[in-house]
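Presented below is the structure to which this report refers.
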Amino acid sequence: MNYRKQENPWTPEDEGDHYPVMKEWWTVETLFTTEEDGRKWNLLASFSYKLSTRSCFFQYVLFDITSKKCVSNSEEDNSLDKLHRTKNKIDLKYGSSFLTGTYPDYHVHIENKEKDIIADIEFDADSLPHWIAQDKTNGYLPIGLNNYRYGFLPNCKLSGTLNFKGVKYKINGTGYLEHAYGNWSYQNPFHKISGLKKTLSIYAKLGGWWLSQNKVRIPKRIGFSTENNIYGYDWIWGIFDNNWSLFFGNSMFWINEGPSFGALYLTQNGRDYLEFCNVRFRYNKLIYIEKYDFYYPSEIELKAIFDKYTIKLRFWKTTESYEYIDPYMDRGMFKAWILCEMPGKMKGNFTDGEKSIELSGNCKIVPLRIPSAYGHNEIKLEFIRPPQGVGINMNVDSHYFMKKINTKIHLAPRPSFKFKLEKIKKDDFKKNVTSKS
């Protein structure tokens, strides 16, 4: 069903082009089944531009989930004028591919004759759109000294056709759409300060929101790593079997285990959203990219609490990963911009203080990483608290110094101190890997 347009927080102006902002993108994700053979697929398509380089970027990635493979992809950088855009509605065209519409109806067409793929998909919204931190900042997020606006539509019914490798399929499934725009740069998020006053206000509002849901306390465990710097994120979208939909976005702040500085959004009916910013996360499985010396997660656990509600979830990939890597020509402090795509499954439970509901469904997991020029360096802290005792365990793993340090300082129930320093070799780097790409 479609919800009344007057309830929609997106205006036509919000959905359309915001040129001349520095960066803007529109992305659709789909999970669908082909009627003829029952195979499951994931198709991503993204249209974007960067004013700093006066360029546009178009990407699609197609996964055959049933065969657990990425079966087609294309990434194209081009001049800015190659991406057609329009104000007050989504009307994007790059070559033969396009995305059009306004809430609640959209149409995406992806075509690449060289790779023998044509996808025609109709989106029919089954939920209201939502801005990130909608009640706090109306979608605005800080990055460095700059800011941008981010909105998403998490649940659409979709139908259409997929022509791939000489075979035409009818498809049905679910879809997601997001739109982001603003004056920022991943490579230099501190370079433009004209919006500094607004950015500081956003930091303050989000900080107050985070503190309202999180008690300041010493955690049981917390970890930090160089690849989880502030320029990357963890991104998850999912649809449960009961038609609830979910979106999670986590700003890294170097943390790779512990409190999230993002938020989890859950809607049961497509109209009302629960916004959790008290979220704890950990990585159960990792993938290592040797050339850029960094790890990214392929299995993630979350626990989120808001008021009387608690949700615990595990997300894991079900296909091979696809990694889009854009190396930085001027290496500086960072090596590359790396987006990792993984269709997956999710499972967990939701409680409202009275009853517990088991949840399962399909999802898409997308970590973005900007690996450091100093490679992977990590510190893990475990705090021993009463009644178990008083103390701290610290593990340091530095690829830059080729050293590993394990330290234990316990004050109670018996004072003790242990320190171990050992050299590590490059062959040891993959030993931390618990999942292959």
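Structure summary
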| read-out | value |
| --- | --- |
| Strands (runs of 3 or more DSSP E) enclosed by the range 330-402 - at least 1 residues per element that are on the phi < 0 side of the Ramachandran plot and under 24 Å from the mean Cα position of the chain (by Cα) | 336-351, 356-369, 377-384 |
| Qualifying residue in the range 116-127 (condition: in contact with a Lys or Arg (Cβ under 7 Å, 6 or more places away or on another chain) and either buried (at least 20 other Cβ atoms within 10 Å of the Cβ) or in a strand (DSSP E or B) (or both)) | yes |
| Count of residues meeting criterion [surrounded by fewer than 21 Cβ atoms within 10 Å (Cβ to Cβ) and over 19 Å from Lys157 (Cα atoms)] in the range 24-35 | 1 |
| Sole exception among (1) more than 15 Å from the chain's Cα centre (by Cα); (2) over 30 Å from Arg39 (Cα atoms); (3) of a type outside the set (Ser, Thr, Tyr); (4) outside any helix (DSSP H, G or I) for Asn242, by number | (2) |
| Pick from the range 139-178, criterion within 17 Å of Tyr265 (Cα to Cα) and aromatic (Phe, Trp, Tyr), ranking: surrounded by the most Cβ atoms within 10 Å (Cβ to Cβ) | Tyr176 |
| Single residue of Thr30, Thr11, Thr102 found to be modelled with pLDDT of 95 or more and either in contact with a Pro (Cβ under 9 Å, 6 or more places away or on another chain) or acidic (Asp, Glu) (or both) | Thr102 |
| Output for the range 212-228, where each listed residue is at pLDDT 90 or above and of a type in the set (A, V, I, L, M, F, W, C) | Ile222, Phe224 |
| Test: residue in the range 323-335 that is closer than 15 Å to Phe247 by Cα, charged (D, E, K, R) and either free of Cβ contacts under 8 Å to residues at least 60 places away in the same chain or surrounded by 19 or more Cβ atoms within 10 Å (Cβ to Cβ) (or both) | no |
| Verdict on Thr34 being in the same structural domain as Gly160 (by TED's automatic domain parsing) and in contact with a Phe, Trp or Tyr (Cβ under 7 Å, 6 or more places away or on another chain) | yes |
| Unmet criterion (only one of (1) in contact (Cβ under 8 Å) with a residue 40 or more places away in the chain; (2) more than 20 Å from Gly361 (Cα to Cα); (3) among the charged types (D, E, K, R)) for Arg217 | (1) |
| Failed item in (1) more than 31 Å from the chain's Cα centre (by Cα); (2) under 30 Å from Ser185 (Cα atoms), with Pro415 passing the rest | (2) |
| Candidates Tyr181, Tyr231, Tyr186 - the one that is out of contact with any Leu (no Cβ under 7 Å at 6 or more places or on another chain), of a type in the set (Ser, Thr, Tyr), at pLDDT 95 or above and surrounded by 15 or more Cβ atoms within 10 Å (Cβ to Cβ) | Tyr181 |
| Extreme residue, surrounded by the fewest Cβ atoms within 10 Å (Cβ to Cβ), among residues of the range 279-299 that are closer than 19 Å to Ile370 by Cα and either without any contact (Cβ under 8 Å) to a residue 60 or more places away in the chain or of a type in the set (A, V, I, L, M, F, W, C) (or both) | Lys291 |
| Identity of the residue in the range 51-75, within 21 Å of the chain's Cα centre (by Cα) and loosely packed, with under 14 Cβ neighbours inside 10 Å, that ends up farthest from Lys93 (Cα to Cα) | Lys68 |
| Single match in Ser96, Ser79 (criterion: touching a helix residue (DSSP H, G or I) at 6+ places or on another chain (Cβ under 8 Å), without any contact (Cβ under 8 Å) to a residue 60 or more places away in the chain and over 22 Å from His130 (Cα atoms)) | Ser96 |
| Complete set of residues in the range 67-85 that are in contact with a Ser or Thr (Cβ under 9 Å, 6 or more places away or on another chain) and assigned to a loop (DSSP other than H, G, I, E, B) | Ser67, Lys68 |
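Listed here are the residues, each with its yes/no results for (1) free of Cβ contacts under 8 Å to residues at least 24 places away in the same chain; (2) touching a helix residue (DSSP H, G or I) at 6+ places or on another chain (Cβ under 7 Å); (3) more than 20 Å from Ile255 (Cβ to Cβ).
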site	(1), (2), (3)
His376	no, yes, no
Glu382	no, no, no
Gln388	yes, no, yes
Asn393	yes, no, no
Pro415	yes, no, yes
Lys418	yes, no, yes
Lys425	yes, no, yes
Lys431	yes, no, yes
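The values are calculated or read from the model by the stated rules, or taken from the named source; none is laboratory data. Just so you know, these numbers come straight off a predicted model, no measurement behind them. Positions of Cβ are generated from backbone atoms using ideal geometry, with glycine treated the same way; all protein chains shown enter the neighbour counts.
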